[in-house]
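Where a number appears in this text, it was derived from the coordinates with a stated rule and is not lab data. Quick caveat: nothing in here was measured; it's all calculated off a predicted structure. Positions of Cβ are backbone-derived with ideal geometry, glycine not excepted, and every protein chain shown enters the neighbour counts.
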Amino acid sequence: MFQLLDGKNTAIEIKNQIANEVRGYTQRGLRAPHLAAILVGDDGASQTYVANKEKSSHEVGFTSSVYRYSAGISEQQLLETIDFLNKDDEVDGFIVQLPLPKGINEQHVINAISPAKDVDGFTPINLGNMVLGEECFVPATPKGICTLLTQYNIETCGQHCVVVGRSNIVGTPVANLLSRKGTDCTVTMCHSRTKNLAELTRQADILVVAIGKPEFITADMVKEGAVVIDVGIHRIEDASRKSGYRLLGDVKHSEVDERCSWVTPVPGGVGPLTIVSLLQNTLQSYKRTMGL
Ligand code: NDP
């Protein structure tokens, strides 16, 4: 019988701790931490993510702001907003919601973010420091995955972890974090050119899936008793739902879950922990700025 790695409730617990800490600071007369977001275009999923980040910020007592632009904004205009936020002393951290519209070079934009405010942990300086094990902002989703494993006391030492997906924001950093000293997994990283993927995923004690393909991982690809972390989120049209859609992961939960010892649900697994990690990173930045 599998057990859920409940991201929703874990996130509530951590948010309560953050809210208590922030209350302590504001009661001493200090300003609240501030998280800003830049949102370009009208992609529905991006709007939902930014709205959720704003809502969570307010729940823990942060202030927040959202800079909204049409998809037609030039790269130069975007860089000017980033420069403005980099220099604003009352902004502790900010994110640029990805993906950006075609014609804007995402890496140029990310590189312009001050590493001291890069609470998504996407800049080369933060990623480099993460690999070196130095102080940094750890990217939100990989950090959230590690938090979940820790919260549920999942044994990682010497476990074979197979990560499917090698993006800069999920697969590559999570592989690095899980293999480092203290976590001590033996990590295999897979991607679209991997041969015999199912043979490798079947060897996983811990399987992390971040490929962006709905229900791609099926029961025959999972070892009995594995821990499965499903990072994928897909909105699938569903006229029977009030919202008009339902959410699916990269894992076919209807058949995979019963093979697992532990599994993250979608929704309510990795997603809420991603937002919590962003709040933790913003608090870390605030404390550094305020000398706390
Ligand atoms: P990307 O599209 O950037 O990367 C996908 C990765 O999967 C690539 O490395 C790609 O390989 C690999 N891949 C694609 N097809 C296959 C295949 N058939 N077999 C093996 N590997 C394959 O995605 P992201 O990492 O940004 O996101 C992955 C998923 O996670 C998405 O559904 C996204 O929405 C979700 N997500 C969820 C978050 C959350 O908070 N829960 C946060 C961030 C993302 P290659 O490099 O060779 O192209």
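Among Lys8, Lys53, Lys223, Lys102, which comes first, second and so on when ranked by fewest other beta-carbon atoms within 10 Å? Spell out each step's value before the answer.
On the way: Lys8 14, Lys53 23, Lys223 18, Lys102 6.
By the 10 Å Cβ count, ascending, the order reads Lys102, Lys8, Lys223, Lys53.
Are there cysteines in the chain with no other Cys C-beta under 4.7 Å, and if so, which?
Cys136, Cys146, Cys157, Cys190, Cys260
What is the Cα centroid distance between the range 217-290 and the range 8-48, reported in whole angstrom?
20
Which parts of the range 39-59 would a label at Arg68 reach, counting a residue when its backbone N lies under 18 Å from a point 7 Å out along Cα-to-Cβ?
Hits in the range 39-59 for Arg68 at 18 Å: 39-58.
GNM, the chain, Cα, under 10 Å: largest mean-square fluctuation among Asn126, Asn16, Asn153?
Maximum fluctuation in the GNM of the chain, among the listed residues, is at Asn153.
Suppose the Debye formula is applied to equal point scatterers at every Cα of the range 166-292; what is log10 I(q)/I(0) at q = 0.13, 0.16 Å⁻¹?
Result of the Debye calculation: -0.62, -0.87.
Within the range 140-269, what percent of beta bridges assigned by DSSP are antiparallel, to the nearest 5? Please list the in-between numbers first.
Details: 4 of 21 bridges.
Of the beta bridges lying entirely in the range 140-269, close to 20 percent run antiparallel.
Looking at Pro272, Val208, Val251, which one has the Cα that reaches farthest to the positive end of the dipole of the chain (charges on Cβ: Lys, Arg +1; Asp, Glu -1)?
Most positive-ward Cα: Pro272.
What are the radius of gyration and Dmax of the chain, computed over its Cα atoms and given in Å?
19.1, 59
Picking from His253, His108, His160, which is most flexible by a Gaussian network model of the chain using Cα springs under 10 Å?
The residue with the greatest mean-square fluctuation here is His108.
Which one, Ile110, Phe62, Pro99, projects farthest toward the positive side of the charge dipole computed for the range 34-132 from Cβ point charges (K/R +1, D/E -1)?
Checked the options; the winner is Pro99.
About the Cα centre, and with charges only on the beta carbon of Lys, Arg (+1) and Asp, Glu (-1), how big is the dipole of the range 1-96? Nearest 20 debye, please.
Dipole magnitude for the range 1-96 comes out near 400 debye.
If the cut-off is 29 Å between C-alpha atoms, which lysines fall inside it for Lys195, apart from same-chain ones fewer than 8 positions away?
Within the straight-line limit of under 29 Å, Lys195 reaches these lysines: Lys143, Lys181, Lys213, Lys223, Lys252.
What is the magnitude of the charge dipole of the range 222-287 about its Cα centre, with +1 placed on the Cβ of each Lys and Arg, -1 on the Cβ of each Asp and Glu, and no other charges, expressed in debye to the nearest 20?
300
Given the Cα atoms of the range 28-115, and with Rh set as the inverse mean 1/r over their pairs in the Kirkwood sense, what is Rg to Rh to two decimals?
On the way: Rg = 13.3 Å, Rh = 13.6 Å.
Radius of gyration relative to Kirkwood radius: 0.98.
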